[in-house]
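**Q** Here it is: the structure, laid out below.
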Protein chains: 2
Amino acid sequence: MGQDGFTAQKRGTSTLPTSAAPNGGSRSSRSLLRGGGGNRQIHKTLNNIKITILCGLVTILVLRGTIGFGSLSSDNDLENQAIIEETNRILAEIRSDKDPDDPEENLDQTTINLNDTYSLGAKISNWDEERSLWLSRNQDFPNTINGKARILLVTGSPPSPCDNAIGDHYLLKSIKNKIDYCRIHGIEIVYNMAHLDKELAGYWAKLPLIRRLMLSHPEVEWIWWMDSDALFTDMVFELPLSKYKDHNMVIHGYPDLLFNQKSWIALNTGSFLFRNCQWSLDLLDEWAPMGPKGPVREEAGKILTANLKGRPAFEADDQSALIYLLITKTEWMNKVFVENSFFLHGYWAGLVDRYEEMMEKYHPGLGDERWPFVTHFVGCKPCGSYGDYPVQRCLSSMERAFNFADNQVLKLYGFRHRGLLSPKIKRIRNETVTPLEYVDQFDIRHSSAQVTTN
Amino acid sequence: MGQDGFTAQKRGTSTLPTSAAPNGGSRSSRSLLRGGGGNRQIHKTLNNIKITILCGLVTILVLRGTIGFGSLSSDNDLENQAIIEETNRILAEIRSDKDPDDPEENLDQTTINLNDTYSLGAKISNWDEERSLWLSRNQDFPNTINGKARILLVTGSPPSPCDNAIGDHYLLKSIKNKIDYCRIHGIEIVYNMAHLDKELAGYWAKLPLIRRLMLSHPEVEWIWWMDSDALFTDMVFELPLSKYKDHNMVIHGYPDLLFNQKSWIALNTGSFLFRNCQWSLDLLDEWAPMGPKGPVREEAGKILTANLKGRPAFEADDQSALIYLLITKTEWMNKVFVENSFFLHGYWAGLVDRYEEMMEKYHPGLGDERWPFVTHFVGCKPCGSYGDYPVQRCLSSMERAFNFADNQVLKLYGFRHRGLLSPKIKRIRNETVTPLEYVDQFDIRHSSAQVTTN
């Protein structure tokens, strides 16, 4: 279970290169380095060709998806939806040709020492014991609050303004949305705007961040990473933590896509939880080595593309790397809960047009396709220059999701939005001289509809 | 103590017009209405002249202020600083010629019925008893957390994107800053982006919001309003709540400016607290009547200008209205704590250039001019089109304040910013296999330096 790193093989096999590579692995990387400038040009041309082909593919898939969308019970629809989702996400990455969070320094290619072992930090092996001892000595900082396990929600965005001005506005709305959910459910928030590790920038940045927060907050039982483009849309639903008492990681995905199809979108790392324990530190250490920017990440990307169904060719991303890790080292799986009974991550395109129907037929607290827990705007990238959907479609959909959620918060105060696209609100009940009746009735924390199992 | 509204007098006296006005008061308002269009033109011309004069004044004052800034112990410097601060704030308002948060509808002037009584809501008279009963029945929702009174921090911004793109980025940084402080100190946050009352828009919007939150959150003991342009810069300092056990409102200001000079900037409503009680509901009811947009606010503005020292001519703002209320109805003062022993509100211009000096000489937890609790960017208005300082000066100062505060948060994680203008961070200590030592040492919540009196 606690394997560090991985063993190098000659290029062309399906195992992962190691940053502590014997000569076989590093020789091929060094030849890539020598060809430096020319290879970069070829790489860009190849990327352009890939974009053209992928665009054609996406067009076909989107058409299929648009015609075929409806219930989520069909496996084919699920698969199509997931493929579209992830292809678009990755297309956006390729177009930008860099991590949106790339540090400004260009790595000096000639001085990278591929014999260096990448590490998230000093190896800790006794975290469970140390944490347990600390908790027993610090009764003022228990790992439960009102009988519920203490959760820390972690999210963030880069420290610089968005390329696209509207992006910061939606980051603001997104964090307000999270503040509302977390206030109602007693969850603390860390909003990160710093690069803790310049090698692990971009989508990989969450790894060193999660590790650092675990070690700095022993009182926290669960660390919940959530992307900045994911919104809470069910303000009542709570995580059924009792389901996970024997697990250390909770992530949305589909076992069939994962084990049978080895699909590169079998899991979604836009919203997942880690228990604060040794196992999680070990998994992070196993996960991280594909992440360091530059040749390591490039090479790792090729391995992932070769081994994961449907994956386009581009550098290693954290999600593909995790999927690959879990299907090749299946011993990790007995502590990973692959959750799809509710939308811990809910792909936005199939949800946002149905909010009015949901409001008519259903109610908050369900968390699934009837009233999605989380609506995740994969591929929209309002902060960057290149999203993979029409900008207006994304913005209006995000506005709808925001207001759909906000209505559930405003209900306590006696208001709702005039429409899902409207920033204006209207009263839904008259003023009263006995406001406490409504508090008992409408404060979600008091609601008996709340699922409070641990 | 529980006076509703106010009595109308003929125009020209120093008492306030009532929206439930006998003919004397309303006649003068109606004549203003009849002269509608022409008066508006004259009004605009007068505003332009005022702007020219005020600009000249501000130039002189800023020169004086720049030459004279140093210790804050001099009353003259204090006064100058405060005058500059507020004049600039108001200049920005005049230039824009409207509330930044004006609702889109133009009030139809000919149909306003000035006999309508403006009210924040249904009159509640037994809130202390009702709330006390509710708390006794809801032991799961106590008004204390770990022995400290429960505080709800309220802030917000308009639901639309900022006129100036960079504005949303600084709103985002501002809320992250507040999230950090409140997480460390166990304070809940409400981030409001809705207009609860279209008549009380702009700076008046906080009144109906505060009232609504009091009545909807009986478990909250103190409601703390904080402007979006105010940042926490002392992450250790805590409000000395025990000082306020016999008070219901805590606001930064200077008694001399308030009672002797009747200065329009004697208090600052950018950061203040209300206890959740009947007295506060009553004060809000007394405060609100100058607020309704249109003729009422315009007329009230004239009264305020006539009676408050240094106030330019413009519509009534919430701060001037509160000052006027407290100096004319001094019976309210026995429950108002005018706080200046620390910077519950700290005017930015005298602080931001001293952060390095502070870091060298002092330490967090002081909250005063040595290490300001709150740095408030009055007059910068990064969200709007017109600030009253050079944009770059404001933005770089806000960046410095943000990083100055962020360093105090990052310390627990082992990082700090490379410089106060840099988004990049660097390690301040090595990785360790015993991270819990640093938790005990650096987690502010554990720190013995924390002031925890209640």
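**Q** Could you please let me know if A:Glu221 is more than 9 Å from chain B (Cβ to nearest Cβ), surrounded by fewer than 21 Cβ atoms within 10 Å (Cβ to Cβ) and touching a residue at least 60 places away in the same chain (Cβ under 8 Å)?
**A** So A:Glu221 does not fit the description; no.
**Q** To continue, here is another question. Would you be able to say whether some residue in segment A:234-250 is buried (at least 24 other Cβ atoms within 10 Å of the Cβ), of a type in the set (Asp, Glu) and in contact with a strand residue (DSSP E or B) (Cβ under 9 Å, 6 or more places away or on another chain)?
**A** Yes, segment A:234-250 contains a residue that is buried (at least 24 other Cβ atoms within 10 Å of the Cβ), of a type in the set (Asp, Glu) and in contact with a strand residue (DSSP E or B) (Cβ under 9 Å, 6 or more places away or on another chain).
**Q** For segment A:399-453, name all the residues that are at pLDDT below 95 and among the polar types (S, T, N, Q).
**A** Hits for segment A:399-453 are A:Asn430, A:Thr432, A:Thr434, A:Gln441, A:Ser447, A:Ser448, A:Gln450, A:Thr452, A:Thr453.
**Q** While we're looking at this one, here's another question. How do the pairs read when you match residues in segment A:332-360 that are more than 22 Å from A:Leu153 (Cβ to Cβ) with residues anywhere that are assigned to a strand (DSSP E or B), using Cβ under 7 Å and keeping only pairs 6 or more apart or on different chains?
**A** Taking only residues 6 or more apart or on different chains, the pairs are A:Val352/A:Thr375.
**Q** Could you check, for segment A:372-393, whether at least one of its residues is touching a Phe, Trp or Tyr at 6+ places or on another chain (Cβ under 8 Å), within 14 Å of another protein chain (Cβ to nearest Cβ) and outside any loop (DSSP other than H, G, I, E, B)?
**A** no
**Q** Yes or no: A:Ser396 part of a helix (DSSP H, G or I), surrounded by fewer than 21 Cβ atoms within 10 Å (Cβ to Cβ), of a type in the set (S, T, N, Q) and at pLDDT 95 or above?
**A** yes
**Q** Here is a further query. Against the condition farther than 30 Å from B:Gly147 by Cβ, in contact with a Leu (Cβ under 9 Å, 6 or more places away or on another chain), of a type in the set (Lys, Arg) and more than 9 Å from chain A (Cβ to nearest Cβ), how does B:Arg429 come out, does it pass?
**A** Against the criterion (farther than 30 Å from B:Gly147 by Cβ, in contact with a Leu (Cβ under 9 Å, 6 or more places away or on another chain), of a type in the set (Lys, Arg) and more than 9 Å from chain A (Cβ to nearest Cβ)), B:Arg429 does not qualify.
**Q** Is one or more of the residues making up segment B:335-347 at pLDDT below 95 and over 15 Å from the mean Cα position of the chain (by Cα)?
**A** Within segment B:335-347 (the criterion being at pLDDT below 95 and over 15 Å from the mean Cα position of the chain (by Cα)), the answer is no, since none of the residues qualifies.
**Q** Between residues in segment A:309-331 that are closer than 22 Å to A:Lys206 by Cα and part of a loop (DSSP other than H, G, I, E, B) and residues that are among the hydroxyl-bearing types (Ser, Thr, Tyr) and at pLDDT below 95, which pairs lie under 9 Å by C-beta distance while being six or more apart or on different chains?
**A** Pairs found: A:Asp317/A:Tyr203.
**Q** If you check B:Ile444, B:Ile428, which single one turns out to be under 28 Å from A:Gln278 (Cβ atoms) and under 30 Å from the mean Cα position of the chain (by Cα)?
**A** The match here is B:Ile444.
**Q** If you don't mind, another one. Suppose we filter segment A:131-151 for residues that are at the interface with chain B (Cβ under 9 Å from one of its Cβ atoms) and touching a residue at least 60 places away in the same chain (Cβ under 8 Å); how many remain?
**A** So the answer is 4.
**Q** Failed condition for B:Ser263, given (1) touching a residue at least 60 places away in the same chain (Cβ under 8 Å); (2) polar (S, T, N, Q); (3) under 30 Å from B:Ile187 (Cα atoms), with all others met?
**A** B:Ser263 satisfies all of (1) touching a residue at least 60 places away in the same chain (Cβ under 8 Å); (2) polar (S, T, N, Q); (3) under 30 Å from B:Ile187 (Cα atoms) except (3).
**Q** Something else about it: Within segment B:163-194, take every residue that is within 7 Å of chain A (Cβ to nearest Cβ), not β-branched (Val, Ile, Thr) and not in a helix (DSSP H, G or I) and give me the one that is surrounded by the most Cβ atoms within 10 Å (Cβ to Cβ).
**A** B:Tyr191
Okay, residues lined up against (1) of a type in the set (S, T, N, Q); (2) in contact with a Leu (Cβ under 6 Å, 6 or more places away or on another chain); (3) in a helix (DSSP H, G or I); (4) within 11 Å of chain A (Cβ to nearest Cβ):
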position: B:Leu196; (1), (2), (3), (4): no, yes, no, yes
position: B:Trp204; (1), (2), (3), (4): no, no, yes, no
position: B:Leu209; (1), (2), (3), (4): no, yes, yes, yes
position: B:Trp225; (1), (2), (3), (4): no, no, no, no
position: B:Asp234; (1), (2), (3), (4): no, no, no, no
position: B:Glu238; (1), (2), (3), (4): no, no, no, no
position: B:Asp246; (1), (2), (3), (4): no, no, no, no
position: B:His252; (1), (2), (3), (4): no, yes, no, no
position: B:Leu257; (1), (2), (3), (4): no, no, yes, no
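The values are calculated or read from the model by the stated rules, or taken from the named source; none is laboratory data. Since this is a predicted model, take the numbers as computed values, not measurements. Using ideal geometry, Cβ is built from the backbone for each residue, glycine included, and neighbour counts are taken over all protein chains shown.
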